Amino acid sequence: MLYFDVFHHPLRLDELAALCGPDVEPAVEAALGLGGLERDDVWVFRAGRAGDRRRRVERSAEAERQWRRVRRAAGLLARVPYVRGVLVTGGLSKQSAQPGGDVDFMLLVEPGRVWTVKGALHLLRRVLPGALRESFCTNYLLATDALPLPAQSMFHAVELATAVPLFGPEACSALLAANPWAERRVPGLGFSRTRAELCTPLPSAPLRLERLVPSALDPTAARLLTQFWDRRYAWIEPGERARRFQRGPSVATNHLHDFSGWVNQEYADRCGALGVEP
């Protein structure tokens, strides 16, 4: 609850049960006794944050309106050559959205093709109109032979637990299986595993097209995108830029702002104020 308070995002008891396990009510009652949380019917929130419920309800309603558009976008991404899994992350995966907000996707990609896919989608987004462009924010690409996440923070554990798998049950299930550390922070990963197993199988892969694209294209795409980012964000210190823009043969991320670092620090501050371990 302290983590979700960073986003002013109260949770319902059923959401807490999905994240923490079915026997969550005794833990909630114990936390209420410590004075750090409050409860109103099915809602649980940080003490003094009752007003956040209205904001949460409004954002959940907006998220519901956006899901049809998001599923169409995910269906198109699932047809991109070399894509083996499509997951929605970010606010929408937690049923929270703003009008006109972007949609964050995580793509699981055939080994040796991460930068081929990243480059193709980067070019595609640059020619799309603004409103449509925000439906294709592929901020995290990961090869299916390198699924353990390099960062193991609370932020990354919650993102794994709340990510909504839409296509590719084999790859999405393998992603969760490759990150058992996350269960120490979010005990209810069983729910996420079931959801991954039941997501939609990928459409038939365009194998003929995949065979036509030379594997040598991947390092070339990585080099060109790296040069582009280094020029565009030259004002960021090189070491910090390398941390925010992960560039490896099996991973491609581009986060201009250190959002995960900010979230983890806010969460740690809230834990410190109540004397509990982050």
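Below is a table of values for the structure above.
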item: Per-region count, region 179-222, residues of a type in the set (Ser, Thr, Tyr) and under 20 Å from the mean Cα position of the chain (by Cα); result: 3
item: Meets criteria (assigned to a helix (DSSP H, G or I), free of Cβ contacts under 8 Å to residues at least 12 places away in the same chain, surrounded by 13 or more Cβ atoms within 10 Å (Cβ to Cβ) and not charged (D, E, K, R)) for Ala196; result: no
item: Subset of region 1-19 that is in contact (Cβ under 8 Å) with a residue 24 or more places away in the chain and among the charged types (D, E, K, R) - its residue that is nearest to Phe191 (Cα to Cα); result: Asp14
item: Leading residue by the ranking (surrounded by the most Cβ atoms within 10 Å (Cβ to Cβ)) among those in region 89-105 that are in a loop (DSSP other than H, G, I, E, B) and at pLDDT 90 or above; result: Ala97
item: Members of region 245-278 found to be assigned to a loop (DSSP other than H, G, I, E, B), within 29 Å of His9 (Cβ to Cβ) and under 23 Å from the mean Cα position of the chain (by Cα), listed by number; result: Phe245, Gln246, Asn254, His255, Leu256, His257, Asp258, Pro278
item: Of all residues in region 242-278 being among the aromatic types (Phe, Trp, Tyr) and surrounded by 15 or more Cβ atoms within 10 Å (Cβ to Cβ), the one that is farthest from Pro111 (Cα to Cα); result: Tyr267
item: Region 257-275 residues that are under 19 Å from Ala151 (Cβ atoms), paired with ones that are polar (S, T, N, Q) and loosely packed, with under 14 Cβ neighbours inside 10 Å (beta carbon under 9 Å, 6 or more apart); result: none
item: Index of the failed condition, Ser215 passing every other in (1) free of Cβ contacts under 8 Å to residues at least 12 places away in the same chain; (2) more than 28 Å from Val70 (Cβ to Cβ); (3) among the small types (Gly, Ala, Ser); result: (1)
item: Single residue of Ala222, Ala242 found to be part of a helix (DSSP H, G or I) and closer than 20 Å to Phe136 by Cα; result: Ala222
item: Hits in region 20-52 - residues which are assigned to a strand (DSSP E or B) and without any contact (Cβ under 8 Å) to a residue 12 or more places away in the chain; result: Arg39
item: Per-region count, region 199-219, residues exposed (fewer than 13 other Cβ atoms within 10 Å of the Cβ) and either at pLDDT below 85 or part of a helix (DSSP H, G or I) (or both); result: 9
item: Test for Glu64: is it touching a Lys or Arg at 6+ places or on another chain (Cβ under 8 Å) and farther than 24 Å from Phe259 by Cα; result: no
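So that you can scan it fast, the table gives a plain yes or no per residue for (1) crowded, with 22+ Cβ neighbours inside 10 Å; (2) assigned to a helix (DSSP H, G or I); (3) free of Cβ contacts under 8 Å to residues at least 24 places away in the same chain:
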| site | (1), (2), (3) |
| --- | --- |
| Ser60 | no, yes, no |
| Leu87 | yes, no, no |
| Gly112 | no, no, no |
| Trp115 | yes, yes, no |
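So that you can scan it fast, the table gives a plain yes or no per residue for (1) modelled with pLDDT under 90; (2) under 17 Å from Thr253 (Cα atoms); (3) among the charged types (D, E, K, R):
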residue	(1), (2), (3)
Leu107	no, yes, no
Arg113	no, yes, yes
Ala151	yes, yes, no
Glu159	no, yes, yes
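The values are calculated or read from the model by the stated rules, or taken from the named source; none is laboratory data. Nothing here was measured: the structure is a model prediction, and the numbers come from that model. Because the Cβ atoms are built from the backbone with ideal geometry, glycine has one as well, and the counts that use them run over all protein chains shown.
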